[in-house]
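Down below is the structure, laid out as C-alpha cells.
The values are calculated or read from the model by the stated rules, or taken from the named source; none is laboratory data. Every value quoted in this text rests on a predicted model; they were computed, and no experiment measured them. Methodologically, a virtual Cβ is constructed for each residue, glycine included, from the backbone with ideal geometry; neighbour enumeration extends over all protein chains shown.
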Amino acid sequence: MLNLDQLNEIHIDVLREIGNIGAGNAATSLSQMLDTTVDMAVPTVRILDINDAATALGGPENAVVGILVKLYGDIEGIMMFIIEQDFVKTALQVLLGEDMVQCEKLSEIELSAISEIGNIMISAYINSIGTLSQLNIKTSVPAVSVDMVGAILSVPAIEMSSVSERIIFIEDDFLSRKNQISANMLLVPSMDSLSKLMLQLGIDL
Amino acid sequence: MSSMVTIGISDMKIVKSADFLVTYALGSCVGICLYDSMTKVGGLGHIMLPYFPVSSQKQENVHRFANTCIPSMVNEMERMGCSRARLKAKIAGGAKMFEVSGDSTFGNIGARNVLAVKETLRNFRIPILAEDTGLNYGRTLYFYVETGTMVVKSFSNGVKTF
C-alpha cells in the first residue's frame, strides 16, 4: 500500500491538479450562488500533522463553520468545507437577506442554508473528480458544525489516521474581491483510495 | 512567576505548582488532568485514540493513546515525588463534532476515548473528581496546578470551572 513517505513530486503534482479541477467546478457553483466573482488560489497539497494544520487555518481556537461529507464507493475518505465567519455572514446576506447574523447561535434555517452551500460545492468538486477518474464516488448527507477549527480538523485526522499520525490534505482557498469571503476545501482520502485514484489516472506508484 | 505551558495533540507535560497548562480545541480528543495536591505537581495529557495498537510495527507515540498516555504520566509524576495514592483526575473532551445522518458509528471515537480514559484511571485507582465530556462541541482546557482547578472554554457554551 502507498505510504505518505513514498509520495514524490509527480504524485503531488497530480494531487494538486485534482484539487484544481475539483475546486474550479466548486468555485463556479459558489460564484453562481453568491452572484459574485470568486477567485481561487493554486491548491496546496500538504502532508501535515493536525497541530500544524490547525495553525495553518488561523490557529486552533479560530471559530469556523465546518461542513463534512463522507466519501464512499470507489473512494473512501472525508471531504470538508471550512468557512470563516465573514464568509458565513456574506453568504447568508445574499441567500436569506439577513444582515445581523451571529455565528455563535445560527438558527436552523441559517445552518441549513450554509450546509447546502457546502453540499453543492462538495458535490461539484467530487463530480468532476469522478468524471476525470471514471470512479464512482458517493457522498453522504452533509453534517455541519460551528466550532473551533482545531476541534473540527481533529475529525478527519482521527477518522483517517489509523495508519499514520499525519494526514494528506488537498487544500483549496476561495476568495472574492468584492465581498470578504475566505474558505477552504479539504479532501482527505484514505491511503487505499489515494493509490486507487493515482492508478486510475495512469500514475505508477 | 507563573508561566503557561501548551500541550499539543498527542502530547503530555508535567509541571510544578505555579505554572498552568493549556490544551486547545479538544474535539473528540480527551484532555486528562492529573495532580497531587501535596507536592503541587500536575500534568495534562491530550489523547487522540483509546488504545495503543498491539500489532503496530511502527514506533508509535505513547501519548496518542489513552491506555499508554496515563501510565506515562503517572510514572513521570512519581519520579517527581508524587504518590500514586494521592493522584486525582479531572477530564474533558470526547465530543461528537459531526452527526452524519445514516451513519451512527461515525464520530463515536469521542465516547470510546472517554471510556478508555476512565478504564485506565480505574486500573490505577485514580478518582475522577470532575468531568466535562461528550456532547457536540469543542473545548479548550486550562489546568491550574496550584489549585487543581480545571477551566473549560468553548465557542458557543461559555466558560465552566471545575
For B:A116, work out the one condition from (1) modelled with pLDDT of 95 or more; (2) closer than 26 Å to B:M4 by Cα it doesn't fulfil.
-> (2)
Being at pLDDT below 85, assigned to a loop (DSSP other than H, G, I, E, B) and closer than 15 Å to A:M148 by Cβ is the filter here, so list the residues in region A:60-115 that pass it.
-> none
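For B:S55, state whether it is without any contact (Cβ under 8 Å) to a residue 12 or more places away in the chain and among the hydroxyl-bearing types (S, T, Y). Spell out the reasoning first.
Numbers: without any contact (Cβ under 8 Å) to a residue 12 or more places away in the chain: yes; among the hydroxyl-bearing types (S, T, Y): yes.
So B:S55 passes the test.
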Assess whether A:I67 counts as being touching a residue at least 12 places away in the same chain (Cβ under 8 Å), buried (at least 16 other Cβ atoms within 10 Å of the Cβ) and within 14 Å of chain B (Cβ to nearest Cβ).
-> yes
Selection from region B:72-89 of residues part of a helix (DSSP H, G or I), over 14 Å from the mean Cα position of the chain (by Cα) and surrounded by fewer than 19 Cβ atoms within 10 Å (Cβ to Cβ) yields B:N75, B:E76, B:E78, B:R79, B:R84, B:A85, B:R86
Failed condition for A:Q85, given (1) under 27 Å from A:V141 (Cα atoms); (2) more than 14 Å from every other protein chain (Cβ to nearest Cβ) | (2)
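In region B:114-140, how many are among the charged types (D, E, K, R) and part of a loop (DSSP other than H, G, I, E, B)?
Filtering region B:114-140 for residues among the charged types (D, E, K, R) gives B:118-119, B:122, B:125, B:131-132, B:139.
So of that shortlist, the ones also part of a loop (DSSP other than H, G, I, E, B) come out as B:125.
Qualifying residue count for the region: 1.
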Inspect all residues belonging to region B:90-113 and state whether any of them is assigned to a strand (DSSP E or B), within 11 Å of chain A (Cβ to nearest Cβ) and touching a Ser or Thr at 6+ places or on another chain (Cβ under 7 Å).
-> yes
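Filter region B:34-71 for residues that are among the charged types (D, E, K, R) and modelled with pLDDT under 90; which is surrounded by the fewest Cβ atoms within 10 Å (Cβ to Cβ)? Can you show your working first?
Keep residues of region B:34-71 that are among the charged types (D, E, K, R), which gives B:36, B:40, B:58, B:60, B:64.
Among the residues that remain, those that are also modelled with pLDDT under 90 are: B:58, B:60.
Working: B:K58: 9, B:E60: 15.
Of everything passing the filter in region B:34-71, B:K58 is surrounded by the fewest Cβ atoms within 10 Å (Cβ to Cβ).
Could you say which residue among A:T90, A:T55 is within 14 Å of chain B (Cβ to nearest Cβ), among the β-branched types (V, I, T), farther than 15 Å from A:I120 by Cβ and more than 13 Å from the chain's Cα centre (by Cα)?
Values: A:T90 fails: within 14 Å of chain B (Cβ to nearest Cβ).
Matching residue, one of A:T90, A:T55: A:T55.
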